[in-house]
């Protein structure tokens with residue numbers, strides 16, 4: 001791990017600062033929008049817009065990079081992000097915010113693709129898995145740290161918009177000053193949705209539904225908090241617990257998943273998540289109980305993303321894993337776009353409890369469908385399945401392709417007499 005830090009510290013530091021900036025704006029807009037008098041529907045459109053831009057960026061950014069190069073794309077998108085973060089406070093109009101959220105989602109998607117290609121290029125075959133695992137950890141820590149910054153100034157002022165703008169600007173300094181020449185950029189063409197669904201119906205349906213859950217947690221938690229009358233400190237603590245749970249639970253769930261039928265683990269985990277969300281829907285929980293609920297919901301919802309990817313890869317040939325990842329990411333993105341819109345609609349009808357009701361509904365659907373799929377075909381032997389790899393929904397297809405390559409390289413160099421679950425690459 002020290003070797004990884006020695007070669008990639010600038011990239012990881014830059015990504016960490018980017019995630020802090022992104023985490024601040026995600027929470028801040030939900031709170032500031034309520035202060036500005038935006039309706040729940042308007043806020044849900046604003047939050048959904050980020051995922052529209054992010055999904056578009058995942059498709060268009062690679063071509064943009066091929067045409068003008070990594071450095072120009074990186075610098076241009078970074079400058080635009082920094083400017084947009086300040087413009088939110090200057091133009092408090094929900095339509096303008098929606099357009100800016102689309103742009104900022106596009107920019108962050110392009111920045112992630114660029115940074116991940118550099119990170120992958122800087123890693124060796126021996127360190128790629130650990131590098132990508134550390135990258136995912138840094139992403140989560142950045143969002144958690146961002147929640148602490150929410151308490152340094154009044155969300156009704158300008159300071160909290162300036163801080164993420166400065167952090168994003170600073171993020172590019174260590175990257176651009178220390179990076180090696182830009183790598184050759186290449187991505188695999190995504191697998192068709194029809195073929196992907198034939199390979200893994202649960203993977204496709206589950207990724208779509210969990211995209212909606214992730215978008216609600218990332219985009220609408222602050223809106224829910226203001227609607228429920230929570231203080232800024234309480235909202236930031238709740239969101240921090242969601243991502244702390246996602247960080248802490250990834251590896252235990254990954255370890256278990258390598259040793260049992262993943263469909264059963266998906267069904268049980270999603271069912272527990274739904275049960276916790278249902279309790280929060282029905283009962284008026286105190287602040288500390290809400291923190292526990294956030295920890296459990298985030299601790300299960302985030303690993304479910306990686307778990308569904310690992311399950312799908314169990315039914316793919318090695319050469320198809322990278323192309324399948326692009327299709328799954330797109331399906332997840334479609335669910336993420338719908339997530340805030342549906343959450344806002346439900347909250348507009350039933351009130352703040354609609355936030356947890358929505359999560360309950362989607363996770364119960366995932367659980368039920370996983371149990372159903374267990375009746376349709378036999379589970380592969382655990383000795384024949386691939387290892388669980390940690391991913392976050394913010395990762396691009398490029399990071400996923402690199403992680404699959406790392407897993408394959410670890411598998412090909414492993415002692416054939418050793419179990420298949422001991423591979424390197426961020427696996428649990």
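Since every read-out is calculated from the coordinates, none of them should be taken as a lab result. As the structure is a prediction and not an experimental result, all values here were calculated from the model. As a convention, Cβ positions derive from the backbone with ideal geometry for all residues, glycine included, and neighbour counts pool all protein chains shown.
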Cα centroid separation - the range 191-250 against the range 47-104, whole Å: 21
Fully extended, how many nm does the chain gain between residue 231 and residue 173 (0.36 nm per residue separation, minus their Cα-Cα distance)? 17.4 nm
Order the peptides 197-203, 211-217 from the highest to the lowest mean number of other Cβ atoms within 10 Å of their residues. 211-217, 197-203
Per 0.36 nm of contour for each residue apart, how much would the distance between residue 96 and residue 79 grow if the chain were fully extended, relative to their Cα-Cα spacing? 4.3 nm
Quote to one decimal, in nm, the extra length available between residue 60 and residue 283 on full extension: 0.36 nm per residue of separation minus the C-alpha distance between them. 75.8 nm
Using the alpha-carbon centroid of each, what span in Å lies between the range 269-314 and the range 129-155? 20
The range 231-328: C-alpha gyration tensor shape, a/c 1.5 cut-off, then a/b vs b/c: prolate
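Highest first, please rank the peptides 32-43, 351-362 by the mean number of other Cβ atoms sitting within 10 Å of their residues.
Taking the mean over residues of other Cβ atoms within 10 Å, the ranking is 351-362, 32-43.
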FRET efficiency, 1/(1 + (r/R0)^6) with R0 30 Å, evaluated for residue 68 and residue 41 via beta carbons: 0.20
